[in-house]
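Everything below concerns the one structure shown next.
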Amino acid sequence: MNIHVNDELHHFAGPLTLFTLLNLLDLNPAGSALAVNQVIIPRDNWPAHLLEDGDQVLLFQAIAGG
């Protein structure tokens with residue numbers, strides 16, 4: 001299974017959820033938003049949202065500033 005994360009291609013052995021993807025890539029979900037194929041996925045759905053081969057995942061980090 002091939003998943004693009006922030007325009008970087010990753011290969012995985014089988015089906016996985018957004019939550020599992022974050023753990024496998026050691027990404028901190030705090031202050032983050034995720035979009036799959038340009039659709040924002042609510043945080044409550046991350047543990048159940050199954051990714052499909054070829055999905056495009058974008059991880060957005062909140063940035064403080066002024």
Residue 22 meets each of (1) modelled with pLDDT under 90; (2) under 9 Å from the mean Cα position of the chain (by Cα); (3) of a type outside the set (Lys, Arg) with one exception, condition (1)
Residue identified as within 11 Å of the chain's Cα centre (by Cα), open to solvent by 20 Å² or more (accessible area, probe 1.4 Å) and without any contact (Cβ under 8 Å) to a residue 60 or more places away in the chain among 49, 11: 49
Could you tell me which residue of the range 26-46 is surrounded by the fewest Cβ atoms within 10 Å (Cβ to Cβ), considering only residues that are within 20 Å of residue 10 (Cα to Cα) and either modelled with pLDDT under 90 or charged (D, E, K, R) (or both)? 26
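The values are calculated or read from the model by the stated rules, or taken from the named source; none is laboratory data. In this text, all values refer to a predicted model and were calculated from it rather than measured experimentally. Cβ atoms come from the backbone with ideal geometry, glycine included; neighbour counts cover every protein chain shown. Accessible surface areas use protein heavy atoms only, side chains included; no ligands, DNA or RNA. Shrake-Rupley method; radii C 1.70, N 1.55, O 1.52, S 1.80 Å.
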